[in-house]
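Each remark here refers to the structure printed beneath this line.
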Amino acid sequence: MTSGSGPSRRQVLAVAAAAATAPLIVAAAPAQAAGAARSRTWDLTLLGTSDTHGNVYNWDYYRDAEYDDSKHNDIGVAKLATLINQIRAERRGKATLVLDAGDTIQGTPLATYYAKQEPITATGEKHPMARAMNVIDYDAVTLGNHEFNYGLPLLDLWIRQLGFPALAANAINAKTGKPAFLPYVIKKVSLGFAAPTLRVGILGLTNPGVAIWDKGNVEGRLRFDDMVATAAKWVPIMRARGADLVLISAHGGDSGTSSYGPELPNENPVALIAQQVPGIDAILFGHAHNEVVERFVTNERTGAQVLLSEPSKWGQRLTRMDFTLARERGRWTITKKAATMLNTNTVVEDPKVLAAVRAQHQKTIAYVNQVVAQATVEMSAVESRYKDTPILDFINHVQAETVTKALAGTQYATLPVLSQASPFSRTAVFPAGDVKIRDVAGLYVFDNTLEAVVLSGAEVRAYLEYSAKYFRTLAPGAPVDTEQISDSPAVPDYNYDVISGLDYDIDISKPVGQRITRLVLPGTDTPVADDAQFVVAVNNYRRSGGGNFPGIVKTQVYNAQQEIRQLLIDWAQAKGTINPDDFFQPNWRLVREGVPVF
């Protein structure tokens, strides 16, 4: 979808799909061997990826080294390509489909570079994720919520660069009420000699949370309908238009819960879709970054078993779904279905994918290794979740300073400026000496922009109380395990905030909602009055409702659309030195009955 222009080719296709009276047929898959036809059963394999998040190479740009973690996972589309090619070779002459469930063009410095530093919308260059995925030759991709991070023009160009359809049935053009992207495809698949054609319908569903998380990019242009209701609308249409088998590629988890409030449709409704919407055979899903090898959900209306699978994140896993089919009374039926999961750490990277993206990969490495400043001491984020640390104060200092300067001479100039930051990374480090762009990017891994709003003292307290639910309740004297101190993943690290500019205690021995036992003006014992007024510097994700924090969704008093990561880089470059003495102000602590935990 484009801004300020006529409909794109994708929009035209979407409208055509919505109005068509015949199925949309896409090129056939290879035929199955003739021997299978004599057995009266045939088979279809679906390979699924999701949440690749800009990972092509098995590379950690923040460490400038090959990726590794405690479980020795590998990452990247190049690894996925090797597994996919192996399975295609094993099944030569048999039908194999490859789908992706979204969150593709955001998440690494590689993806950021071609959205921000040399945006494809300015250069016309092909996006690295388009290059990589075109080598694999997917059958379809679903749009994830992070596809909308860089605006609709870049998204539209990326879609046009793909050699396969991009789907999002519940993303609706706000003006026309029609699908803004292609809702579905029906692929004509050949299963073998003398076997009737199998028509496979593939429906794509994106996440309704886009309306909050990327409000600035989509408000007034797109709306995002309920995923369950959208499936209920399109599955019967796909069946009526000839789909023998219906697959859904959905960018939403299976927990049935949301990270935001009830104002939007459910964020993770995949199991509900399977349960409530008849006519679905299987769902490939993503968004939650979980590894769900095989889950069956019983449809409450038909009793059918719907197969679900989620292939982790970043290209660590590949879902494989296998279907056995029979032809009975002129109709296809599934006699067996199952899912398995393949690990990309078992294979090498595909050389064709590496070659397609090598120049962009190398340019990104050169960029992130540029030195921006000298740090006087090492600063680590490893304790930032439970201790006030200089590296998190660095973020808050730059944000507060930026907003303070911007509001000089305005009606808000006399208000104290607070700042919000989250411990996005547990591994980020500014080494003593050279600090590079990759060090700053490793601290602030999201492409958030800086905004500011005015909160009262009472609202600040409520905000901090909400944030403090991140911690488990630990009685005075109970042992403290820093690895278990938080309620993660129920409350992820990025939904825990610290605030600078006021002094406060969080008593983790008390119930949630009663934990901010001390909230005073900085360096004093003066309690913050409920009617006091503060400007709060905050990222756009939080201000637009991400995390469902109270009181923060209100009109901005500052919004210059400046990316926070770039503000941090610019500040460091301008100063030349990152010295904690310039910004570290310990202002919060964890306590139990007034006794500091650390």
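Mind listing the phi-derived Karplus ³J(HN,Hα) values for the range 135-152, rounded to whole Hz, using 6.51, -1.76 and 1.60 with θ = phi - 60°, and x for any glycine or proline?
Values per residue, Gly and Pro as x: 4, 5, 6, 4, 8, 5, 10, 9, 6, x, 5, 6, 5, 8, 4, 9, x, 6 Hz.
Sorted by accessible area with a 1.4 angstrom probe, largest first, how do 393, 582 fall?
My answer, sorted largest first, is 582, 393.
Give me the percent of the accessible area of the chain that comes from carbon and sulfur atoms, probe 1.4 Å, all protein chains in place.
Here it works out to 50 percent.
Per q in 0.11, 0.18 Å⁻¹, report the Debye log10 I(q)/I(0) for the range 36-154, using one uniform scatterer on each alpha carbon and no solvent.
-0.44, -0.98
Rounded to two decimals, what ratio of Rg to Rh does the chain give with C-alpha atoms and a Kirkwood Rh?
My calculation of the ratio gives 1.00.
Modelling each spin label as a point 7 Å along the Cα-to-Cβ direction, I'd like the residue 575/residue 40 distance in nm, to one decimal.
Result for the modelled spin labels: 7.7 nm.
Amide H of residue 150 versus every other amide H placed in the peptide plane: which residues, excluding those fewer than 5 positions away on the same chain, fall under 5 Å?
Counting only residues 5 or more places away or on other chains, the set is empty.
Using θ = phi - 60° and the Karplus relation 6.51 cos²θ - 1.76 cosθ + 1.60, list the HN-Hα couplings for the range 288-293 in order, rounded to whole Hz, with x at every Gly or Pro.
Working through the residues one at a time gives 7, 6, 9, 9, 10, 5 Hz.
How big is the dipole moment of the chain about its Cα centre under a simple scheme where the beta carbon of each Lys and Arg is +1, that of each Asp and Glu is -1, and everything else is neutral? Debye, nearest 20, please.
My answer is approximately 2980 debye.
Using only the Cα atoms of the range 249-369, what semi-axes does the equivalent ellipsoid have when each is the square root of 5 times a gyration tensor eigenvalue? Give whole Å, largest first.
After scaling each eigenvalue by five and taking roots: 34, 22, 11 Å.
Averaged per residue, what accessible area in Å² does the range 348-454 show with a 1.4 Å probe, protein chains only? It would help to have the intermediate numbers written out before the result.
Working: 4040 Å² over 107 residues.
Ligands and nucleic acids excluded, the figure is 38 Å² per residue.
State the Cα centre-to-centre distance between the range 225-290 and the range 515-570 in whole Å.
35
How large are Rg and Dmax for the range 83-242 when only the alpha carbon atoms are used, in Å?
Both quantities, over Cα of the range 83-242: 17.1, 54 Å.
Just how far, in whole angstrom, is the range 313-344 from the range 90-123 if you go by their alpha carbon centroids?
23
Does the range 394-538 classify as rounded, prolate or oblate by the C-alpha gyration tensor (a ≥ b ≥ c root eigenvalues; a/c under 1.5 gives rounded; else a/b over b/c gives prolate, otherwise oblate)?
Details: a/c = 2.04, a/b = 1.08, b/c = 1.88.
Oblate, because a/c is 1.5 or more while a/b does not exceed b/c.
Calculate one ³J(HN,Hα) per residue across the range 371-379 by plugging θ = phi - 60° into the Karplus curve 6.51 cos²θ - 1.76 cosθ + 1.60, and present them in order as whole Hz with x for glycine and proline.
Ordered by residue, 3J(HN,Hα) equals 7, 10, 6, 10, 9, 6, 9, 6, 10 Hz.
In nm, to one decimal, how far is the residue 290 label point from the residue 175 one, both placed 7 Å along Cα→Cβ?
It works out to 4.0 nm between the two label points.
Calculated FRET efficiency, residue 517 and residue 487, Cβ-Cβ r, R0 22 Å, to nearest 0.05?
Efficiency, rounded to the nearest 0.05: 0.70.
Is the shape of the range 497-548 best called rounded, prolate or oblate, per the rule: a/c under 1.5 gives rounded, else a/b larger than b/c gives prolate, else oblate, with a ≥ b ≥ c the square roots of the Cα gyration tensor eigenvalues?
Oblate is the answer for the range 497-548, as a/c is 1.5 or above yet b/c matches or exceeds a/b.
Using R₀ = 56 Å, calculate the FRET efficiency as 1/(1 + (r/R₀)^6) where r is the Cβ-Cβ separation of residue 411 and residue 345; round to 0.05.
For R0 = 56 Å, the calculated efficiency reads 0.45.
With every protein chain left in place, what is the accessible area per residue of the range 177-281 in square angstrom, probe 1.4 Å? Can you show the working numbers first?
Working: 3180 Å² over 105 residues.
Dividing the accessible area of the range 177-281 by its residue count gives 30 Å².
Would you mind getting the accessible area per residue of the range 498-598, heavy atoms of the protein chains only, 1.4 Å probe, in Å²?
It amounts to 44 Å² per residue over the range 498-598.
On full extension of the chain, what length is gained from residue 585 through residue 338, given 0.36 nm per residue of separation minus the C-alpha to C-alpha distance?
Taking 0.36 nm per residue and subtracting the Cα distance, the gain is 83.4 nm.
Per-residue accessible area for residue 379 at 1.4 Å probe radius, Å² rounded to 10?
10
The range 180-335: Rg/Rh from Cα coordinates, Kirkwood Rh?
0.99
FRET efficiency for residue 63 and residue 559, Cβ-Cβ distance as r, R0 = 35 Å, nearest 0.05?
0.55
Spin-label point model (7 Å from Cα, Cβ direction): what's the residue 371 to residue 229 distance in nm?
5.8
Report, in deg cm²/dmol and to the nearest 500, the calculated mean residue ellipticity at 222 nm for the chain, where each DSSP H run with n ≥ 4 adds -39500 (n - 2.57) and the sum is divided by the residue count.
Value at 222 nm, helices only: -7500 deg cm²/dmol.
For residue 70 and residue 401, calculate 0.36 nm times their separation in residues minus their Cα-Cα distance, and state this gained length in nm to one decimal.
Working: separation 331, 0.36 × 331 = 119.16 nm, distance 3.78 nm.
That works out to 115.4 nm of additional length.
With a 1.4 Å probe and all protein chains kept in place, how do 429, 597 rank by accessible area, largest first?
Ranked from most to least accessible, the order is 429, 597.
Considering amide H positions built from the backbone, and no H for Pro or chain starts, which residues 5 or more places from residue 248, or on another chain, come under 5 Å of its amide H?
Here 203, 282, 283, 284 satisfy the definition.
Scan around residue 562 for amide H atoms under 5 Å from its own, H built in the peptide plane at 1.01 Å from N, and keep only partners 5 or more places away or cross-chain.
HN-HN under 5 Å from residue 562: 450.
Sort 98, 293 by accessible area with a 1.4 Å probe, largest first.
Values: 98 0, 293 55 Å².
The ranking, largest first, comes out as 293, 98.
For the range 242-311, what is the charge dipole size about the Cα centre, in debye to the nearest 20, if Lys and Arg each add +1 at the Cβ and Asp and Glu each add -1 at the Cβ? Write out the running numbers ahead of the final one.
Numbers: 2 positive and 9 negative charges, 25 e Å.
In debye, rounded to 20, the range 242-311 gives about 120.
Going toward the positive end of the dipole of the chain, with +1 on Lys and Arg Cβ and -1 on Asp and Glu Cβ, which of 197, 153, 360 do you reach last?
197
With Rg and the Kirkwood Rh both taken from Cα atoms, where does Rg over Rh land for the range 157-197? Each step should come with its number before you reach the end.
Numbers: Rg = 15.3 Å, Rh = 12.7 Å.
With Rh from the inverse mean 1/r over Cα pairs, Rg/Rh is 1.20.
Roughly how many whole Å is it from the C-alpha centroid of the range 147-210 to that of the range 456-498?
40
Please calculate the 1.4 Å probe accessible area of residue 500, with all protein chains present, and give it to the nearest 10 Å².
20
Taking Cα pairs under 8 Å and at least six residues apart, what relative contact order does the chain come out at, in percent?
Details: 1424 pairs, mean separation 87.2, N = 598.
Value for the chain: 15 percent.
Note down the accessible area of residue 254, probe 1.4 Å, to the nearest 10 Å².
Accessible surface of residue 254 is approximately 30 Å².
The values are calculated or read from the model by the stated rules, or taken from the named source; none is laboratory data. All figures in this text were calculated on a predicted structure; none of them were measured in a lab. Don't worry about glycine lacking a Cβ; one is built from the backbone with ideal geometry, like all the others, and counts go over all protein chains shown. The protein model used for the area step is the full one, side chains on, heavy atoms only, and it has no ligands, DNA or RNA in it. Shrake-Rupley method; radii C 1.70, N 1.55, O 1.52, S 1.80 Å.
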